[in-house]
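A short write-up of the structure that comes next.
The values are calculated or read from the model by the stated rules, or taken from the named source; none is laboratory data. Just so it is clear, the structure is predicted and the values come from calculations on it, not from any experiment. Cβ placement follows ideal geometry from the backbone for every residue including glycine, while neighbour counts extend to all protein chains displayed. Note: accessible area is taken over every heavy atom of the protein model, side chains too, but ligands, DNA and RNA are not part of it. Shrake-Rupley method; radii C 1.70, N 1.55, O 1.52, S 1.80 Å.
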Amino acid sequence: MTTIFYKGQKFLVRPEVYKPAEDTYLLVNNIEVDPGEKILELGTGCGIVSVIAAKNGCKIVATDINPEAIKCAKENAENHEVRNKIDFREGNLFQPIKDEKFDLIIFNPPYLPVPAGESSKKGLETAWDGGSDGREIIDRFLNQVSSYLKPDGRIVFLQSSLSDIQKTFKVLREGGFSIQTKTEKLCFEELYLIKSKALNSSIYK
């Protein structure tokens, strides 16, 4: 078990769970929430984002395909005394979500291109393996996200410059979303934090 600290707050990370890195902190440092909002976090990992949001008075549904991540996130929620504010569900993307609608959907998706022959799509690899072009999960997310947003809802997610960021912008614009970005340069890629809000209520199903 690894221990990490965020603004003096302690979080435990199991060996089988993605350890918060530059992308995690870019996300958690730029999330704006209002008390009482209903939030969905896909791919919660160790739960750091959901825990911080819950401390700000939000009700959270947090999912992850990795059962070890769910266990780890629950432990951190209990340690931070917000377990009663977070509903943890194991599953892939929106599969654990029924007909619920959210004010905000947060996602740090698997966005790195991984050649088919090098991918196992198991355990910890599910945290970064975005398929051969890095877009396997991102495209599924973008195709489904409108169905789970309230009419004034918004999305905040991350993507790498290695996985065709212009295609993401095109899909969002065609879907009637506004786009705001913040970037962070790393040694071999540029990370994009994308904040989007629907401009056209007709996209909601």
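Quick notes on this one:
- Being under 23 Å from N29 (Cβ atoms), touching a Leu at 6+ places or on another chain (Cβ under 7 Å), at pLDDT below 95 and not in a helix (DSSP H, G or I) is a property that L193 lacks.
- Pick from the range 138-161, criterion hydroxyl-bearing (S, T, Y) and in a helix (DSSP H, G or I), ranking: surrounded by the most Cβ atoms within 10 Å (Cβ to Cβ): Y148
- Condition met for N56 (of a type outside the set (A, V, I, L, M, F, W, C), more than 25 Å from T168 (Cα to Cα) and crowded, with 21+ Cβ neighbours inside 10 Å): no
Rundown of residues vs (1) at pLDDT 90 or above; (2) hydroxyl-bearing (S, T, Y), yes/no style:
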{"residue": "P115", "(1), (2)": "no, no"}
{"residue": "G131", "(1), (2)": "no, no"}
{"residue": "D139", "(1), (2)": "yes, no"}
{"residue": "Y148", "(1), (2)": "yes, yes"}
{"residue": "F157", "(1), (2)": "yes, no"}
{"residue": "D164", "(1), (2)": "yes, no"}
{"residue": "G175", "(1), (2)": "yes, no"}
{"residue": "T183", "(1), (2)": "yes, yes"}
{"residue": "L186", "(1), (2)": "no, no"}
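- Single condition F11 does not satisfy, out of (1) of a type outside the set (V, I, T); (2) at pLDDT 95 or above; (3) open to solvent by 30 Å² or more (accessible area, probe 1.4 Å); (4) more than 15 Å from the chain's Cα centre (by Cα): (3)
- Pairs, first without any contact (Cβ under 8 Å) to a residue 12 or more places away in the chain and under 16 Å from L158 (Cβ atoms) in the range 30-54, second of a type in the set (V, I, T) and open to solvent by 10 Å² or more (accessible area, probe 1.4 Å), C-beta under 7 Å, six or more apart: none
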